[in-house]
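The next block holds one structure in the form of structure tokens; read it before the comments.
The values are calculated or read from the model by the stated rules, or taken from the named source; none is laboratory data. Model, not experiment: these values are computed from the prediction. Methodologically, a virtual Cβ is constructed for each residue, glycine included, from the backbone with ideal geometry; neighbour enumeration extends over all protein chains shown. Each accessible area value is taken on the protein alone, full model and side chains, heavy atoms only, with ligands, DNA and RNA left out. Shrake-Rupley method; radii C 1.70, N 1.55, O 1.52, S 1.80 Å.
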Amino acid sequence: MSLLAACSGSGPQSSLEPVGPVSREIDGLWILVFSIAVVVFILVFVALVVALWRFREREGDDRRPKQLHGNTKLEITWTIIPAVILAVITVPTVQGIFSVREVPTSPDTVQIVVTGHQWWWEYEYVGYERADGRPLYSANELHIPAGPPINLTMTSADVIHSFWVPPLNGKRDLVPGTLSNLTLTADPEVATTDYGAGVGVLLGQCAEFCGLAHADMRIRVFVHTPEEFDAWIAEQMEPAPVAEGGAAADGFTTFTAVCTACHQATVQQPDGTVEWVGPEDFFIEIDDVAFHSALGPDLTSFNNRTRFGGAVFVNDDQHVAAWLDNPSDLKPMQPELNDIADRRILGMPAFGLTSQEIFELMTMLETWGEQPVER
Ligand code: CUA
């Protein structure tokens with residue numbers, strides 16, 4: 001049964017269906033090594049079967065075969081052949097290691113700074129500022145344009161994570177205190193192709209065990225045409241409206257009383273002023289890069305996300321209501337170990353919100369960002 005799993009077609013999370021130059025290079029290397037391995041496998045098995053058949057025991061044979069020691073020609077041959085095979089594999093492998101690790105420098109490179117958290121991904125789109133003067137922050141769902149190289153500059157706020165979107169590139173660890181880079185480049189047609197998770201949607205996940213909700217630390221990459229990407233950025237730049245009255249306004253009161261201990265948002269007050277609500281910014285400085293390290297995701301454009309909670313749960317009434325009631329009912333976390341002063345967060349706790357408060361928060365969140373485009 002477990003063998004049959006290998007027979008399923010390529011899904012949206014397969015290394016064997018590369019959709020960009022970097023992953024294609026990795027796939028080419030895999031095909032080369034695999035082909036050589038198949039040839040070696042066939043030759044060895046044919047030789048083995050022939051030997052078993054030809055030298056099987058026959059009636060009247062002496063059970064003790066002819067004793068030989070040493071055959072210089074044979075020994076040189078079986079040393080040289082593997083050495084040549086390894087040399088053939090080594091050259092493209094070493095070339096591949098360097099080219100996959102290359103940090104893109106072309107002027108059209110899109111720069112995104114990634115901070116890994118237990119158990120979510122924080123993104124900063126470098127060069128884009130919201131009206132409050134702060135960079136554009138988002139979480140879990142990564143939006144990129146098809147075509148230009150995307151340079152992810154990454155670190156971790158707590159333990160080692162690993163960023164892995166198989167159709168675009170291999171895995172790259174996010175190590176606390178260390179900076180790592182990963183290039184994602186998608187072919188132009190990816191933006192208009194459905195690989196099984198929606199048009200232009202590729203799936204990935206954290207590939208390094210990082211604790212209780214490691215399996216729920218997913219990634220959804222939305223690959224856009226350049227025009228769609230600009231439209232998405234424009235949508236994200238919009239501050240979240242604060243309602244003048246009604247349920248959404250009451251929701252905002254709860255938001256600033258409870259949620260902003262960890263979450264942040266760029267909001268626009270009814271009088272038009274744009275301001276930022278949330279805890280003080282915290283940065284991890286490594287090699288001239290300031291990695292924003294929030295206690296919880298920025299929620300400015302929450303309604304624009306298709307998933308939340310590590311890109312696992314569909315962003316609909318049912319899931320958001322259940323999450324606000326008790327997040328640990330949906331996702332295994334350890335909020336009892338949280339220590340905000342020490343910046344140690346292992347999940348969102350249940351705050352004992354009433355169903356009225358949950359309704360008000362949801363009413364507010366539904367006005368924070370446009371509905372995502374149907375894919
Ligand atoms: Cu993060 Cu596994």
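Bridges between two residues of region 114-252, per DSSP, are antiparallel at a rate of about 75%.
If you run the Gaussian network model on the chain, springs between alpha carbon atoms under 10 Å, then out of T183, T192, T72 the most flexible one is T72. The calculated pair-distance distribution of region 335-375 uses every alpha carbon pair, bins of 10 angstrom beginning at 0, and gives 23, 27, 36, 13, 0 percent.
Is region 1-154 rounded, prolate or oblate when judged by the Cα gyration tensor, a ≥ b ≥ c being the square roots of its eigenvalues, rounded requiring a/c under 1.5 and prolate requiring a/b larger than b/c?
Values: a/c = 4.28, a/b = 2.73, b/c = 1.57.
It is prolate, given that a/c is not under 1.5 and a/b is the larger ratio.
For the peptides 282-289, 195-202, 241-248, the ranking by packing is 195-202, 241-248, 282-289, with the highest mean count of neighbouring Cβ atoms within 10 Å listed first.
So how far, in whole Å, is the C-alpha centre of region 73-96 from the one of region 303-375? One Cα centre to the other: 55 Å. Hull volume per residue, based on the alpha-carbon atoms of the chain and their convex hull, is 201 Å³. Distances over 26 Å make up what percent of all Cα-Cα pairs in region 73-217? For region 73-217, the fraction of Cα-Cα distances above 26 Å is 38 percent.
Taking a ≥ b ≥ c as the square roots of the Cα gyration tensor eigenvalues, region 37-96 comes out oblate, since a/c reaches at least 1.5 and a/b does not exceed b/c.
Looking at the chain, the DSSP beta bridges with both ends there are about 70 percent antiparallel. If you count the DSSP beta bridges with both ends in region 197-277, what percent of them are antiparallel, to the nearest 5? Within region 197-277, antiparallel bridges account for around 80 percent of the total. Accessible surface for region 218-326, divided over its residues, is 41 Å² per residue with a 1.4 Å probe. With both labels modelled 7 Å from their Cα along Cα-to-Cβ, the D271 to V46 distance reads 8.6 nm.
Could you please state how large a percent of the accessible area of region 284-375 is carbon and sulfur, counting protein chains only and using a 1.4 Å probe? Of the solvent-accessible surface of region 284-375, carbon and sulfur hold 50 percent. Using a probe radius of 1.4 angstrom, the carbon and sulfur fraction of the accessible surface of region 43-154 is 64%. Largest first, the extents of the alpha carbon coordinates of region 303-375 on the three principal axes equal 38, 28, 22 Å. Shape summary: region 115-172 maps onto an equivalent ellipsoid whose semi-axes, from the alpha-carbon gyration tensor, are 21, 17, 9 Å in decreasing order. For the residues A37, A321, A51, a GNM of the chain with alpha-carbon springs under 10 Å puts the largest fluctuation on A51. Stokes-Einstein D for region 152-200 at 37 °C, 0.692 mPa s, Kirkwood Rh over Cα pairs, in µm²/s? So the translational diffusion coefficient is about 268 µm²/s. For the pair T109 and A341, the difference between a 0.36 nm per residue extended length and the Cα-Cα distance amounts to 79.8 nm. For the chain, the mean residue ellipticity at 222 nm estimated from helices alone is -10000 deg cm²/dmol, where every DSSP H run of n ≥ 4 contributes -39500 (n - 2.57) and the total is divided by all residues, rounded to the nearest 500. If I build a Gaussian network model for the chain, linking alpha-carbon pairs within less than 10 angstrom, which residue out of K73, K331, K171 has the largest mean-square fluctuation? Looking only at K73, K331, K171, the largest GNM fluctuation is found for K73. When the alpha carbon gyration tensor of region 132-277 is reduced to an equivalent ellipsoid, its three semi-axes come out at 31, 21, 14 angstrom, largest first.
Treating each Cα of region 215-307 as an identical point scatterer and summing with the Debye formula, the log10 of I(q)/I(0) at q = 0.15, 0.17, 0.24 Å⁻¹ comes to -0.77, -0.96, -1.28.
Checking understanding here: applying a Kyte-Doolittle mean of at least 1.6 and a length along the axis of at least 18 Å (C-alpha), which whole DSSP H helices in the chain pass? Going by DSSP H runs, the hits are 21-54.
For region 219-375, what class follows from the C-alpha gyration tensor (a ≥ b ≥ c being the square roots of its eigenvalues): rounded when a/c is under 1.5, otherwise prolate if a/b is larger than b/c, else oblate? Walk me through the intermediate numbers first.
Details: a/c = 1.24, a/b = 1.05, b/c = 1.18.
It comes out rounded by the Cα gyration axes.
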